[in-house]
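Read-outs throughout are calculated quantities, based only on the coordinates presented, and are distinct from any laboratory measurement. It should be emphasised that the depicted structure is a prediction, and the values quoted were computed from it without experimental measurement. As a convention, Cβ positions derive from the backbone with ideal geometry for all residues, glycine included, and neighbour counts pool all protein chains shown.
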């Protein structure tokens, strides 16, 4: 299955600016991207990076500097059928879109996403706070709108076009790394480059009060 | 499978005190408990409430006013074998412990926990922030310690006693409702009494800025 991985090369992860410098945010974002690409490949997917600018990565890259929603919809147009009409009336091949900041993604979690996408027209892993972290779509008319509570909007879109919808219940796919509190999740559960990057940068878990936080040495 | 559901009748959900009165916190906690009990029963489990004081619920109740760790370990002693020794050398029947504030729990999510517990000595669903939201154990020596980053501690305990460990990757089981931000998850994904309780109390989603929050009318 082709898996589109949107990646912003421009001021990535601004909500981590309180704990990481601009250069560090670029390095950490890249480590997360590499983890996601590894998990997708290990799950049998064919990843393609959808980047806002050129990125040096050992996978196919499409550069599209439009906002996320438009860039992803252009990719869906090209795969599921332009203008919501499949060219030949057949069900299109499923295509996945998996965000580049899912630093906890494992092959097993991505495999569950793929499997759900075989049994539904739209299978989706919600992020914390109502976001859309990953989905598989095979319905020719499904398009995205990433603004606001996009998970609820996407369920509504699927309903409107008569697409069978399945939710994928995964904490690993549901954890997008945006805020300092999310870094604790990477240190607790991460097994790849992003977790190693954080440890190398001096981050450690601090369990001294209630929910675990991170501290930097 | 017997499923122990710890429930605090004493000042429940204090971290929601900024948005809910003491009476409201009691009502909301009870709605979450009922949702968890429903999901356990629908998944084929036999729930038993492990409460700090008497609670009027249509399920078996054990009252134990000790702190959570001690009360759960007493229950594990009674089921898995006292002092870490199974009475007859056989592998004990698996027993589950599922927290009462998992308002997003569904039968399917609980079934995945049960299934994981058939294939491992300890199967565990981590909560956000390193907590332990639900587990199944059949190893006679497994005991809990809920302080701090308990998920990591429990993995370590399992390793020390030679118990095969499996993580259960579920956002529904991973979402314990402790803080105001967690209420948004209930409104987005909840299908039971807790979500209805919040709506009745005037809570609604507010997607006007980035991650979805809740507002109260």
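Quick rundown of the values:
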{"read-out": "For residue B:54, label point 7 Å along C-beta direction: distances to other copies, nm", "value": "7.7"}
{"read-out": "Helix axis angle, A:180-189 relative to chain A longest principal axis, alpha carbon, degrees", "value": "90"}
{"read-out": "GNM top mover of B:156, B:200, B:141 - chain B, alpha-carbon springs below 10 Å", "value": "B:200"}
{"read-out": "Inter-chain shielding of A:147-160 (mean C-beta neighbours from other protein chains, 10 Å cut-off)", "value": "2"}
{"read-out": "Two-decimal Rg to Rh for the range A:1-88 - Kirkwood Rh, Cα set", "value": "1.03"}
{"read-out": "10 Å Cβ neighbours from other chains, averaged over peptide A:174-184", "value": "2"}
{"read-out": "When the range A:143-198 is reduced to its Cα atoms, the Kirkwood hydrodynamic radius in Å", "value": "13.6"}
{"read-out": "Average beta-carbon neighbours from other chains, 10 Å sphere, peptide A:125-131", "value": "6"}
{"read-out": "Sorted by Cβ density within 10 Å, fewest first, the residues A:72, B:110, B:61", "value": "B:61, A:72, B:110"}
{"read-out": "Residue-span extension gain [residue A:62 to residue A:23] - 0.36 nm each, minus C-alpha spacing", "value": "11.7 nm"}
{"read-out": "Most to least packed among B:24-34, A:44-54, B:124-134 [average Cβ atoms within 10 Å]", "value": "B:124-134, B:24-34, A:44-54"}
{"read-out": "Two-site FRET efficiency, residue A:206 against residue B:159, from Cβ-Cβ distance with R₀ of 30 Å, rounded to 0.05", "value": "0.85"}
{"read-out": "Estimated Rh, the protein assembly as shown: Kirkwood, alpha-carbon pairs, angstrom", "value": "22.7"}
{"read-out": "Rounded to 5, percent antiparallel among DSSP beta bridges of the range A:90-194", "value": "75"}
{"read-out": "For residue B:202, inter-copy label distances in nm, listed shortest first [label point 7 Å out on the Cα-Cβ vector]", "value": "4.7"}
{"read-out": "nm² value of the averaged projected area, convex hull over the Cα atoms of the range B:1-159", "value": "9.1"}
{"read-out": "Other copies of residue A:147: label-to-label distances in nm, shortest first, labels 7 Å along the beta-carbon direction", "value": "5.0"}
{"read-out": "Closest approach to the axis - chain A beta-carbon, rotation onto B, Å", "value": "A:171, 2"}
{"read-out": "In degrees, nearest ten, helix B:22-42 long axis to first principal axis of chain B (Cα)", "value": "50"}
{"read-out": "Alpha-carbon centroid distance for the pair the range B:140-200 / the range B:1-53, whole angstrom", "value": "13"}
{"read-out": "DSSP bridge pairs, chain A: antiparallel proportion in percent, nearest 5", "value": "45"}
{"read-out": "Helix A:107-118 vs. chain A, principal-axis angle (Cα, 0 to 90°, nearest 10)", "value": "20"}
{"read-out": "Among A:37, A:198, A:76: highest mean-square fluctuation, GNM of chain A, C-alpha pairs under 10 Å", "value": "A:198"}
